[in-house]
2 protein chains.
Amino acid sequence: MSYTLVIHGGAGNITPAIMNATQEAEYTAALHESLKAGNSILKNGGTATDAVIAAICSMEDNPLFNAGRGAVFTKKGLNEMDAAIMDGSNLAAGAVAGVRNIKNPIRLASEVMLHSGHVFLANEGASEFALKQGVEMATDEYLFNQSRYDQWMEIRDTDFTQLDHKGDNLKGTAVPDTGHKFGTVGAVACDIHGNIAAGTSTGGMTNKRFNRIGDSPVIGAGTYANNATCAVSCTGHGELFLRAVVAYDVSCLMEYKGLSLHDACEVVVKDKLVKLDGEGGLIAVNARGDYELCFNSAGMYRGMCNSEGKEMVAFYK
Amino acid sequence: MSYTLVIHGGAGNITPAIMNATQEAEYTAALHESLKAGNSILKNGGTATDAVIAAICSMEDNPLFNAGRGAVFTKKGLNEMDAAIMDGSNLAAGAVAGVRNIKNPIRLASEVMLHSGHVFLANEGASEFALKQGVEMATDEYLFNQSRYDQWMEIRDTDFTQLDHKGDNLKGTAVPDTGHKFGTVGAVACDIHGNIAAGTSTGGMTNKRFNRIGDSPVIGAGTYANNATCAVSCTGHGELFLRAVVAYDVSCLMEYKGLSLHDACEVVVKDKLVKLDGEGGLIAVNARGDYELCFNSAGMYRGMCNSEGKEMVAFYK
């Protein structure tokens, strides 16, 4: 039986001009490590859901990515993280928004899916649930990252928020391109049982305020999985992805319009999102193991591996 | 030019057996009042978005409904409210989750849509934004309601949460049917300019914990609007509506499969949701002023009016 795993580490202004050889080597190693974590589960007959969690945990534990240990800072200097997981075999889903001091938010999302009776928990309430479930916590020191902190310091006294991989900001006025490129992480997988799953984890936008929630933890927007169609994880300008209900849109184009996985992803990312000025990308698989890595930005940290021994990582177009 | 306004005040186990003549008269008056508030805007050439807000504010201000003044109590004895609004003319959207001491959460959702640069704010952060925008606050006393409090007292020492209009609870063990029937509120409208909008507002589930977020404030799940297809507001078992991405599903069935508004609503509510055991209903309009009031539960508080002078309210099948 065959399996497929696809991952992303964020999309945006990722070009050879902003990456040196050391950085390229670091990201290459990090993406291979994430693929290895998921692959070891899939090759032993594990579930797509478990592989997605393992691949995402690997990236959450790596300060290179804007999730878990590498999460960016809010306006108040906090790390507030969002994550979601969905199991395409039964449409079970779990999500958390604005959680602090959680080592692996994707594991907390999984606990929500399996043990809360709910789908979506937020802020202190989600942390209280994490305590109850014995989910591993992390100190502020563990989650501290100097480059994220430096980037926050540059804009903390403004009203600007900063997207991953963008040299400008949401108010349209340029802020210095810090060169600190980072991103939301996600994974989608098809296991040997023919089940698929999707997960996404993020620290959101640097200098974000007001407990802003992006698309990552919203089922249908940043994350969606259904064995009958596809599993999708998104990364990009969350507000636009929320309004476009991106992940479920890919699924509906397949289910209702009969598009292939490839065509559905292309329509959503390169036509519909572009018209909304929604920069970013997504990864997707279906239950046959077909996969897509699709983005309308300059680049996307990404990788895939499968049961045929194929493995690749890439950054640029 | 023609216009249409449709409202709901929650779906569930609403039957003649649980309503007396006084209650029927109160709900009838409340629904007519909401329709009147929205109608007065639409007949004067106002926008669908403004009519939706006015109709929802009327229900938020009425303790009969589980939104605003009538919001239910959480496990900690608080009123935590969710709301969302979407403008089908430009796909702009705003939503808040877990907000306290806000008189009209739907107005705060509108402020998020228009002035935050974001789509979705939660908890204390959303309240901070409300303060900044000068959104009207309300005291705990204003939001206190004896019947909601009594219902909470009956289950506060359990782990149970209680859905609107249900005599049982989410853990499957029956709790006494208190007879306190109430519900999430919502409105959809088509204005004389041919624009449509949708909004939803709720107090969520009695005795809810962990800052649980249901479908109401999630764009695509409980609320969605797009001039090209439909405007939809949902009410029901939120977790199932989240997993089924209900509101956007109606839109996709129209856009990608060519279904009529009527057929799309029927497929989603009476086939797909039933298979998921997702009890509830929705209201919908399109830009031609066609409308639907569709539910798979025993009843739904609902009403509609239009530019032809038609006006109706109903509770039961």
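The values are calculated or read from the model by the stated rules, or taken from the named source; none is laboratory data. Being a predicted model, the structure only gives us computed values, none of them experimental. Glycine also receives a Cβ, built like all others from the backbone with ideal geometry; neighbour counts cover every protein chain displayed. Heads up: the accessible areas ignore ligands, DNA and RNA and are worked out on the full protein's heavy atoms, side chains in. Shrake-Rupley method; radii C 1.70, N 1.55, O 1.52, S 1.80 Å.
Name every residue in segment A:116-149 that is surrounded by 19 or more Cβ atoms within 10 Å (Cβ to Cβ) and in a helix (DSSP H, G or I), in order of residue number.
A:Asn123, A:Gly125, A:Ala126, A:Ser127, A:Phe129, A:Ala130, A:Leu143, A:Arg148
Please go through (1) in contact with a Gly (Cβ under 6 Å, 6 or more places away or on another chain); (2) closer than 23 Å to A:Val250 by Cβ for B:Ser251 and return the number of the only condition it doesn't satisfy.
(1)
Return the residue satisfying two criteria in turn: it lies in segment A:219-246 and is in a helix (DSSP H, G or I) and in contact with a Cys (Cβ under 6 Å, 6 or more places away or on another chain), and of such residues it is surrounded by the most Cβ atoms within 10 Å (Cβ to Cβ).
Among those that are in a helix (DSSP H, G or I) and in contact with a Cys (Cβ under 6 Å, 6 or more places away or on another chain), it is A:Val246.
Could you list, in sequence order, all residues of segment A:74-88 that are open to solvent by 10 Å² or more (accessible area, probe 1.4 Å) and under 18 Å from A:Gly236 (Cα atoms)?
Hit for segment A:74-88 is A:Glu80, nothing else.
Any idea which of B:Gly70, B:Gly98, B:Gly77, B:Gly117 is at the interface with chain A (Cβ under 9 Å from one of its Cβ atoms) and at pLDDT below 95?
The match here is B:Gly117.
Results for (1) within 19 Å of B:Asp249 (Cβ to Cβ); (2) free of Cβ contacts under 8 Å to residues at least 60 places away in the same chain, shown as yes or no for each residue.
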| position | (1), (2) |
| --- | --- |
| A:Ser260 | no, yes |
| A:Ala264 | yes, yes |
| A:Val267 | yes, yes |
| A:Gly280 | no, no |
| A:Ser297 | no, no |
| A:Met304 | no, no |
| A:Glu311 | no, no |
| A:Ala314 | no, yes |
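Please go through segment B:231-277 and pick out each residue that is more than 8 Å from chain A (Cβ to nearest Cβ), under 21 Å from B:Ala83 (Cβ atoms) and within 16 Å of the chain's Cα centre (by Cα).
Matches in segment B:231-277: B:Ala231, B:Val232, B:Ser233, B:Cys234, B:Thr235, B:Gly236, B:His237, B:Leu240, B:Phe241, B:Val246, B:Ala247.
For the list (1) more than 21 Å from A:Glu80 (Cβ to Cβ); (2) modelled with pLDDT of 95 or more; (3) in a helix (DSSP H, G or I), I need the number of the one condition that B:Trp152 fails.
Every listed condition holds for B:Trp152 apart from (2).
Can you work out which of the residues in segment A:91-106 that are among the hydrophobic types (A, V, I, L, M, F, W, C), closer than 30 Å to B:Lys275 by Cβ and touching a helix residue (DSSP H, G or I) at 6+ places or on another chain (Cβ under 6 Å) is surrounded by the most Cβ atoms within 10 Å (Cβ to Cβ)?
Among those residues, the one meeting the criterion is A:Val96.
Does segment A:208-215 include one or more residues that are closer than 21 Å to A:Val52 by Cβ and either without any contact (Cβ under 8 Å) to a residue 12 or more places away in the chain or touching a helix residue (DSSP H, G or I) at 6+ places or on another chain (Cβ under 7 Å) (or both)?
The answer is yes; a qualifying residue exists.
Determine which member of the set B:Asp140, B:Asp87 is within 12 Å of another protein chain (Cβ to nearest Cβ) and touching a residue at least 40 places away in the same chain (Cβ under 8 Å).
The conditions single out B:Asp87.
Pick from B:Asn66, B:Asn62, B:Asn20, B:Asn44: which is within 14 Å of the chain's Cα centre (by Cα) and surrounded by fewer than 23 Cβ atoms within 10 Å (Cβ to Cβ)?
Just a single option satisfies the conditions, and that option is B:Asn62.
Report yes if some residue within segment B:265-279 is open to solvent by less than 30 Å² (accessible area, probe 1.4 Å) and modelled with pLDDT under 95; otherwise report no.
yes
Looking at segment A:190-218, which of its residues are farther than 20 Å from B:Ala126 by Cβ and either open to solvent by 10 Å² or more (accessible area, probe 1.4 Å) or among the aromatic types (Phe, Trp, Tyr) (or both)?
A:Ile192, A:His193, A:Gly194, A:Asn195, listed by residue number.
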